[in-house]
1. Which angle between 0 and 90 degrees, to the nearest 10, do you get for helix 191-206 versus the longest principal axis of the chain when only C-alpha atoms count?
2. Can you pull the percent of the range 86-174's accessible area that's carbon plus sulfur, 1.4 Å probe, other chains left in place?
3. Quote the charge dipole size of the range 414-547 about the Cα centre in Debye, to the nearest 20; the model charges only the Cβ of Lys and Arg (+1) and of Asp and Glu (-1).
4. Could you report the range 45-128's accessible area per residue, 1.4 Å probe, as an integer in Å²?
5. Between the range 21-69 and the range 159-194, how far is it from one alpha carbon centroid to the other, in angstrom?
6. Could you provide, to the nearest whole Å², the per residue accessible area of the range 139-179 with probe 1.4 Å?
7. Pairwise over distinct Cα atoms, reciprocal of the mean inverse distance: report the Kirkwood radius of the chain in Å, one decimal place.
8. When the accessible area of the range 489-546 is split by element with a 1.4 Å probe, what percent falls to carbon and sulfur?
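The values are calculated or read from the model by the stated rules, or taken from the named source; none is laboratory data. Keep in mind the model is a prediction, meaning the values are calculated, not measured. In this analysis, Cβ positions are derived from the backbone assuming ideal geometry, glycine residues included, and neighbour counts consider all displayed protein chains. The accessibility values were calculated without ligands, DNA or RNA, using every heavy atom of the protein model including side chains. Shrake-Rupley method; radii C 1.70, N 1.55, O 1.52, S 1.80 Å.
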Amino acid sequence: MKAIQHKKETALTNSAAWWRTAAIYQVYPRSFADGNGDGVGDVAGIRARLGHLKTLGIDAIWFSPWYSSPMADAGYDVADYRDIDPIFGTLAEVEALIGEAHDLGLRVIVDIVPNHCSDQHAWFRAAVAAGPGSPERARFHFRPGRGANGDLPPNDWQSNFGGSGWTRVPDGEYYFHMFAPEQPDLNWANPAVVEEFDDILRFWLDRGVDGFRIDVAHGLVKADGLPDISSLEPGAGKPYEDQPGVHAIYRRWRAIADEYTAADPKRERVFVGEIVGPDPEGFARYLRSDELHSAFNFDFLFCPWEPARLRTVIDETNAAHALVGAPPTWVLANHDVTRVVTRYGRLDYTGFGFDDRRHGVPSDLELGTRRARAAALLSMALPGGVYVYQGDELGLWEVEDLDDDLRQDPIWERSGHTERGRDGCRVPLPWSGDQPPFGFSGQGDTEPWLPQPTGWKDYTAEAQDGDPASMLSLYRAALAVRPEFGDAPMAWLDSAPDVLAFRRGDLISVSNLGTEPAALPAGTIVLASGPLDDGMVPSDTTVWLRA
Ligand code: NOJ
């Protein structure tokens with residue numbers, strides 16, 4: 001195999017449209033690295049480990065929320081969008097981190113949570129105090145209850161975390177929350193909300209960020225009159241998802257980002273939306289040239305490791321994005337779903353959705369690892385951007401045997417202890433050494449906020465560094481070659497139905513999802529996710545070739 005040259009530039013001087021092909025790494029701050037030795041990841045820890053991300057070869061980092069928060073939903077309940085929670089550090093440290101990432105040629109994307117804030121946000125506290133009919137309440141969705149005593153919720157909307165979407169305040173009114181009661185939904189029909197978020201975007205753009213990941217981007221606008229779901233035509237969709245009015249918000253946001261880009265055209269400022277639900281045309285509407293730049297591809301994430309379904313998802317993805325000239329993204333995981341190795345190893349893996357974690361369904365981790373390696377190369381060969389969730393480059397598996405009393409995800413409580421939730425993919429990363437906390441807290445031995453499996457001793461970044469067979473080496477090698485795909489269009493090559501083979505420019509990617517070894521097209525092998533079988537591509541293996 002040919003030695004691979006690292007081609008990346010070291011400053012932010014490459015193409016303005018960097019985001020169209022970027023490899024973006026998701027840092028989940030509480031679980032990445034702990035700099036102050038309290039067992040919770042923080043900004044100091046991230047700064048100390050930026051070298052790992054540089055060596056990995058990614059282009060940008062997306063940081064899950066680090067804002068002031070009571071942490072009812074691990075920071076997706078924001079109390080102050082302009083400050084950093086003390087468990088993570090200070091605003092000054094984040095400013096320094098942005099500069100250091102830029103010096104390494106890594107762009108910075110921050111998470112913005114516009115659908116809801118925390119119940120401890122100054123606005124919500126003021127709303128509760130001010131009472132019914134007040135302008136303070138008009139920034140949220142407050143309504144009187146139904147029924148003779150007003151003790152029934154205003155409508156039949158449910159929370160995505162389980163239970164009613166309405167919670168009552170002491171004076172008897174209810175407020176809507178699409179997620180936990182500690183996450184009241186903001187009212188985007190109120191100009192004060194719109195203006196506040198303009199200002200929050202500018203606050204972070206002024207600090208040099210290159211973009212925003214938009215939480216629940218399809219959710220902000222609610223249907224007029226907040227109608228009961230049961231009153232709508234079958235198939236009408238939820239009245240709090242993908243409402244037409246949401247597009248005006250993103251056009252407004254795009255204009256703000258474009259202002260910053262115009263002042264510094266080498267550094268396009270971008271949005272990536274978390275958009276769940278709409279059909280391909282509806283999805284593409286968010287990606288029109290005056291709205292969001294990109295959005296997560298959940299169809300790809302949710303698709304089982306089945307060749308026909310994957311081929312369809314890839315084709316539909318490319319077709320939907322072509323409607324508006326936007327680059328697709330390829331996403332295998334994030335902090336909300338079961339880790340790839342466990343998911344692909346599930347012996348019954350019919351569904352991968354957010355609500356379908358299949359906790360405890362047996363998983364063959366060896367098989368899952370082989371497939372995760374093949375899937376990593378497949379996702380990095382496809383046209384557009386690619387996302388890497390922290391720890392996937394180490395091949396970590398879902399931690400399914402956490403003590404229930406350690407679980408922090410609100411889903412566990414809200415579901416009445418029927419859904420174990422998302423803690424298992426959020427366990428702190430193992431960096432070095434042969435026992436927990438595996439260097440998570442530097443030299444310290446504080447227990448991390450969730451316990452790590454002792455089996456991770458062979459999966460630390462240190463243990464995998466320099467081992468050519470490790471997942472880390474595969475990711476580094478793949479991310480180093482990946483820029484060669486550039487923005488070349490993709491063309492399928494003739495192959496057996498179980499084989500996904502396509503060409504982009506001079507490079508060819510072949511993934512064998514069948515049980516029999518597959519022949520390789522002509523070319524020089526550049527990289528393979530596993531050993532070849534007598535010159536053939538074995539089952540669950542991806543090979544990259546140069547034609
Ligand atoms: C999506 C985020 O990814 C998830 O972690 C969070 O719980 C919900 N949005 C609510 O903010």
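1. Helix 191-206 and the main axis of the chain meet at about 40 degrees.
2. Here carbon and sulfur together make up 56 percent of the probe-accessible area.
3. 480
4. I get 27 Å² per residue for the range 45-128.
5. 31
6. Accessible surface, normalised per residue, equals 42 Å².
7. Evaluated over the chain, this radius sits at 24.2 Å.
8. Carbon and sulfur: 55 percent of the exposed surface of the range 489-546.
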